[in-house]
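A.B. asks: Below: one structure in structure tokens.
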Amino acid sequence: MHPLPFKQAVLCLLIGSQLLGCSVGGATSVATDAGSWAPPTAAAVEPTATRPNFRAPSANHCARPIRSRDIAGSNGQAGRKESDGWPAAAGALAKSGERAADASREAAYDSASSRTRADVGATAGLASPAAAAPPVMAHKNMAASESEYKKPAPQASRLAAVAQQPANVGPVTAGVVDDNANFGDYLAFRSRTQVTHRPRDVTERYLLQVRDPAGRSVPDAEVRVQSPNGSAMWARTDAGGQVWVSPNAFDASHASTYQVSVRKPSRQGTATATGFLQRGQKSAIEVTLDAAPAQRAQLDLVFLIDATGSMGDEIDKLKATVRTIANEVARLPAKPDLCFGLVAYRDKGDAYLVRSHDLTNDLSAFQGVLNQLSANGGGDYPEAMNEALHDTVHSLSWRGNGTTRMVFLIADAPPHLDYTGPQYDDDMAAALGKGIKIFSVGASGLDKQGEYIQRQMAQYTAGKFVFLTYDRADNPASGPGRETVHDVQNYGVDTLDRLIVRLVREDLAKLSKG
């Protein structure tokens, strides 16, 4: 049994299902074979004008040794020998001689061009964010050349304004806001914050709720929302069986009605269901899907970290607390099967652009590569966040059906919007399609543009915006406290490691709710 053709379904919705003898709105759920709705990498049943820019998460496990790879910066070595995109030697980031050469280059570079966060005017004169860029998937394993990029000389006035960081890393405190729960406040923030960014219109949004026949939430169900002209978006339901749908973010035609298709493996094969979104409706889109119940919770947890020179405190704190985070998560009521991944990034003038470590359940090995991470390089204000987010979303071995997927992006600078290549708005859309929530963590020195972009990514993927707090808001050297320079209200404060555990706990708790 296939879903109704789009035009007939819309007619049913507008005239009334009883007159035409068809089922709409609440959706029907049928068990079919997997071929009834082609996978995201192939053509869908109905013609679509757009295609997913991602492959669905499909790894079966993460019981593997650390697999690491570099995308070289212009000061880095040529790409090392790789097997299937990853080095054959587990954890072998570089030979000792290469490490020494990298360290020597970075030390020499830092002495000539120290990093600063005092000047936030680096975004002036950027090319229009709407300018066309090459296709997203064409930029894997890029290696920038010196001719493409040249670090600017530091300005004495900028260097003098840099706040001195304490040498001994103590507690790191942070607050959090949920821009989806406080959506009106978020739209007001967007309206009053005029910065260069990649625009995605989320001002109109609708909640999709997927439940099984017993009324229980269906997590990690694949979703496609399609307009009559073929424009489409893809998503996966979160642990509570929900997705926020923003039609203006993918459909320029502003259609009045959208077909919502949902599928997930069931006892008999693949369960599929169809519902409809009527623009302007006040209630949630309710879809019933006879899917297989969730087994043991699976959690893929990735840290995506700016590893340039100003990030030492944040990196050192993560090194010191990651085992505590893992132990606390393991003791949560959901008792998740936990995998860790790490992606670090710098910029085109550094020894590496992106350094990634694939998902693994070997915590000791993960701690080992995290301990090797150091803060170094940088030069100008923006960094290679676009390239790192792209690698995180597309290249890691995210597990498939039934997994909760979370990224904690820890950064104190916005991405380079003047680079060609991957762009964060395309990859936040791909993250939603793969069911990856981004929890953006704004570190000290993050400017208005960085805050705007980090909150964009968190809100769009149903994550939250986390921000470091201090005793005096404008002075990170003042130590931990409750104050922040960010445009947020009504937030609580905790240490960063406890806050990470809390956010994981809140998400996984949705798995047990009806």
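A.B. asks: Say we look at the range 282-298 and pick out the residues that are out of contact with any strand residue (DSSP E or B) (no Cβ under 7 Å at 6 or more places or on another chain) and of a type in the set (S, T, N, Q); which of these is farthest from Ser58 (Cα to Cα)?
C.D. replies: Looking at the filtered set, the residue picked out is Ser283.
A.B. asks: Out of everything in the range 392-405 that is in contact with a Phe, Trp or Tyr (Cβ under 8 Å, 6 or more places away or on another chain) and buried (at least 23 other Cβ atoms within 10 Å of the Cβ), what residue ends up being nearest to Leu468 (Cα to Cα)?
C.D. replies: So the residue we want is Arg405.
A.B. asks: Counting just the residues of the range 326-358 that are farther than 18 Å from Ile71 by Cβ, hydrophobic (A, V, I, L, M, F, W, C) and buried (at least 19 other Cβ atoms within 10 Å of the Cβ), which one comes out modelled with the lowest pLDDT?
C.D. replies: Looking at the filtered set, the residue picked out is Ala334.
A.B. asks: Could you look through the range 462-480, keep only residues that are modelled with pLDDT under 95 and outside any strand (DSSP E or B), and pick out the one that is surrounded by the most Cβ atoms within 10 Å (Cβ to Cβ)?
C.D. replies: Once the filter is applied, the top-ranked residue is Ala473.
A.B. asks: Same structure again: Of all residues in the range 252-293, count the ones that are surrounded by fewer than 19 Cβ atoms within 10 Å (Cβ to Cβ) and either in contact with a Pro (Cβ under 6 Å, 6 or more places away or on another chain) or closer than 15 Å to Gln226 by Cα (or both).
C.D. replies: 9
A.B. asks: Can you name the number of the only condition in (1) of a type in the set (A, V, I, L, M, F, W, C); (2) outside any strand (DSSP E or B); (3) closer than 14 Å to Ala49 by Cα that Trp234 fails?
C.D. replies: Checking Trp234 against (1) of a type in the set (A, V, I, L, M, F, W, C); (2) outside any strand (DSSP E or B); (3) closer than 14 Å to Ala49 by Cα, the one that fails is (2).
A.B. asks: Follow-up question, since we're still on this one. Being surrounded by fewer than 15 Cβ atoms within 10 Å (Cβ to Cβ), over 19 Å from Ile410 (Cα atoms) and either touching a helix residue (DSSP H, G or I) at 6+ places or on another chain (Cβ under 8 Å) or modelled with pLDDT under 95 (or both) is the filter here; which residues of the range 167-192 pass it?
C.D. replies: Passing the criteria: Ala167, Asn168.
A.B. asks: Also, I was wondering about something else. Give the residues of the range 470-514 that are among the β-branched types (Val, Ile, Thr) and touching a residue at least 40 places away in the same chain (Cβ under 8 Å), sorted by residue number.
C.D. replies: Result: Thr484, Val488, Val493, Thr495, Ile500, Val501, Val504.
A.B. asks: Need at least 3 residues that are in contact (Cβ under 8 Å) with a residue 12 or more places away in the chain, of a type outside the set (S, T, N, Q) and touching a Cys at 6+ places or on another chain (Cβ under 9 Å) per element, so show me which strands (runs of 3 or more DSSP E) inside the range 253-309 make the cut, counting only ones lying wholly within it.
C.D. replies: Hits in the range 253-309: 298-306.
A.B. asks: Name the one entry in Asp487, Asp497 that is assigned by TED's automatic domain parsing to the domain that holds Asn386 and either surrounded by 24 or more Cβ atoms within 10 Å (Cβ to Cβ) or in a loop (DSSP other than H, G, I, E, B) (or both).
C.D. replies: Sole residue among the options that is assigned by TED's automatic domain parsing to the domain that holds Asn386 and either surrounded by 24 or more Cβ atoms within 10 Å (Cβ to Cβ) or in a loop (DSSP other than H, G, I, E, B) (or both): Asp487.
A.B. asks: Hey, another quick one. Would you check which residues across the range 372-386 are in contact with a Lys or Arg (Cβ under 9 Å, 6 or more places away or on another chain) and crowded, with 24+ Cβ neighbours inside 10 Å and list them?
C.D. replies: Those that are in contact with a Lys or Arg (Cβ under 9 Å, 6 or more places away or on another chain) and crowded, with 24+ Cβ neighbours inside 10 Å: Gly377, Gly378, Gly379, Tyr381, Glu383, Ala384.
The values are calculated or read from the model by the stated rules, or taken from the named source; none is laboratory data. As the structure is a prediction and not an experimental result, all values here were calculated from the model. We place every Cβ from the backbone using ideal geometry, glycine too, and count neighbours over all the protein chains shown.
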